[in-house]
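Peer 1: Please find one structure pasted underneath; my questions will follow.
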């Protein structure tokens, strides 16, 4: 898990974001191209590469979904580029219902209240999935990791809903 | 007059000799240059004690005028006087014609380069910008007693796209400046304030200039300025407020069409009226043109009413940026005001109201950007080896590729911290397809037509395969200046294609080199001599850099490696004395650079290790 090593952090899905950020700033202070502006072009090139690598590592570790995908990939299950659909009729049904609910928000009597209620609903779901994921992702057995991957797939749906809720909110309250 | 440097007793001036570095704010309306002298950043004034150089270039039969003199001619010779030329950087003729209806210029386009026809022939916006930069460079050089300038930091609006950044950099090169860094204007402003106050937290920078608006949300902690989000509008600025008044004047004087000189007059009167309204409740404007004489009265209320939609537009961008940064308005600790247009009382009021804070205006909003750029330039040339300051900037606009059906696939989303490298796989669309055409786009919209096309290139020689079987890995790399390069590779065969993205309507490297040559009035020998001198300076820089690294970390090399590297250094030292052509010396520099590559890589890994060890020691 070289990203965790890069920041000298323990391999753990529940990452300490404050520590991560602190280590990130320390590393950038050491390798950022600005620190090599008066050095040789070789060093400047290396600095750009390293700095980009550190930015990418931060980007992956900071985001819960990307972090989970990365950890799973390092453990042999790479779902980052997959097109596979989820085989869980119950979950998909729930998603359809949530989508309908989302579409109706703009028609509600009090859209602001409807946005908040919906936000609460998906936050509860998100929290639940995160808890399940935390328990599964540390396991070593393949079957557990496959289950973790399924949770990540479900979380992707939840995050998409969250993005769309934001879009609805923008449309409602901008201006 | 040259300033003599005096070292402190017991301290020699070498090896940390003070290098001359400047920060330039290349503005739409005005441009400035600043430098750090005796630890203090100051803007430099011209012989008439003027700090602001109007960004106006006047082309006459006899030569080129820049600044106040050029500006005086704006109303008299509008066709040949290029005003606010920064708005045209990195744009095509079509872009400009659709954006600005009222321009007094003759536009033309040749070989994909957009020009303005002047009495000195076709002039492109990069050339005009370089005249402004040259003037500032000369001003700085004069104040240093003619000494050479080691490097410059040039500021750009945060939301400048790749084409506009590239255009700015080309203009600086054309002016003979060594560009240390392109720096976003709001970031520069935050640096100017941040180092002053020394506080930590979230800073919002509201930058309303002559032609552009930017909002940036930054976090300052442990000496690191992190840009969390930027937003804004590339074509909204003080000039638009003027344009509203011009329209109002036209209405009041019942004019539909104005000739170039009258339009120029209306524009300058509008500007003066707007500025006066920052101080007075009511302004009377006298308009004398084409045998006509009118007096138009403008009240503050009327102006505020006209301006309100524009101010509101900026606040909408503020809301979006706050959201993108993942913070709330309450978390904003300070609001920094940048740009002359933030002098308008309605702007200060509305922005203060929006962030529920009194905006900071203690540093002159016209000078704050140049001052920040000078501070950064001073650090980048190595004048402050112990400086802890670091700027982490973001990509202002998403970068992507065109895919089937005119859609955009985003490769790097906006507000990603730079430098950054991201790759994505694509595949072929047809059976037996052997080439792939890649169109690089920048912008936020989903459709290709709504984004800016930066460049097109193709990957050829893909072995014929079934549709969807080839794996084409496309890598986008953005450096610390925000400039993009793209490479594509077919994974099974390793067939590659690579381009440094040069915008379709910008200039190619060859064109820049040619213009540089044309602009120099030297004979070829002088040119050679100048280039040789440049390489000698570069050789010395490389030798010093490697020697400095060796002093710090000799232990990373074993005896044999050290001996080899030292021999290579000696070789370049000798070559620097004896080389007669710039090409030979350049080859020697590359050789030493290659010989030091292992050492450089080890040093980099070593500093990474040390960075975090240092941290855990701190924590104990």
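Rule-based calculations on the coordinates, nothing more; no lab input. Note that the coordinates shown come from a computational prediction; the quantities given were computed from them, not determined experimentally. Glycine gets a Cβ as well: all are built from the backbone with ideal geometry, and neighbour counts include every protein chain shown.
Peer 1: Return the residue satisfying two criteria in turn: it lies in the stretch B:550-582 and is over 30 Å from residue B:529 (Cα atoms) and within 14 Å of chain A (Cβ to nearest Cβ), and of such residues it is surrounded by the fewest Cβ atoms within 10 Å (Cβ to Cβ).
Peer 2: Applying the filter and picking the extreme gives B:551.
Peer 1: Specify which of the listed residues (B:283, B:224) is within 14 Å of chain A (Cβ to nearest Cβ) and either under 31 Å from the mean Cα position of the chain (by Cα) or closer than 24 Å to residue B:350 by Cβ (or both).
Peer 2: B:224
Peer 1: Just checking, which of B:70, B:41 is more than 16 Å from residue B:24 (Cα to Cα) and within 27 Å of the chain's Cα centre (by Cα)?
Peer 2: B:70
Peer 1: Just to be sure before I move on: is residue B:229 surrounded by 24 or more Cβ atoms within 10 Å (Cβ to Cβ) and more than 14 Å from chain A (Cβ to nearest Cβ) in the structure I sent?
Peer 2: no
Peer 1: I would also like to ask the following. Considering only the stretch B:388-486, give the strands (runs of 3 or more DSSP E) lying wholly within it that have at least 2 residues that are within 11 Å of chain A (Cβ to nearest Cβ) and either closer than 29 Å to residue B:113 by Cβ or in contact with a strand residue (DSSP E or B) (Cβ under 9 Å, 6 or more places away or on another chain) (or both).
Peer 2: B:390-392, B:420-426, B:472-478
Peer 1: State all residues of the stretch A:79-100 that are farther than 11 Å from residue A:161 by Cα, in contact with a helix residue (DSSP H, G or I) (Cβ under 8 Å, 6 or more places away or on another chain) and part of a helix (DSSP H, G or I); if no residue qualifies, say none.
Peer 2: If the condition is that a residue be farther than 11 Å from residue A:161 by Cα, in contact with a helix residue (DSSP H, G or I) (Cβ under 8 Å, 6 or more places away or on another chain) and part of a helix (DSSP H, G or I), then A:91 is the only one that fits.
Peer 1: Just give me the residues in the stretch B:583-603 being within 11 Å of chain A (Cβ to nearest Cβ) and crowded, with 18+ Cβ neighbours inside 10 Å, in sequence order.
Peer 2: B:589, B:592, B:593, B:595, B:596, B:599, B:600, B:603
Peer 1: Related question: For the stretch B:245-258, give me each residue that is surrounded by 17 or more Cβ atoms within 10 Å (Cβ to Cβ) and not in a loop (DSSP other than H, G, I, E, B).
Peer 2: Hits for the stretch B:245-258 are B:245, B:246, B:248, B:249, B:250.
Peer 1: Residues that are under 22 Å from residue B:217 (Cα atoms): list the helices (runs of 4 or more DSSP H) wholly contained in the stretch B:259-358 that include at least 3 such residues.
Peer 2: The qualifying helices (runs of 4 or more DSSP H) are B:300-324, B:345-355.
Peer 1: If residue B:379 satisfies all but one of (1) over 21 Å from residue B:317 (Cβ atoms); (2) touching a residue at least 12 places away in the same chain (Cβ under 8 Å); (3) assigned to a helix (DSSP H, G or I), what's the number of the condition it fails?
Peer 2: Going through the list (1) over 21 Å from residue B:317 (Cβ atoms); (2) touching a residue at least 12 places away in the same chain (Cβ under 8 Å); (3) assigned to a helix (DSSP H, G or I), residue B:379 breaks only (2).
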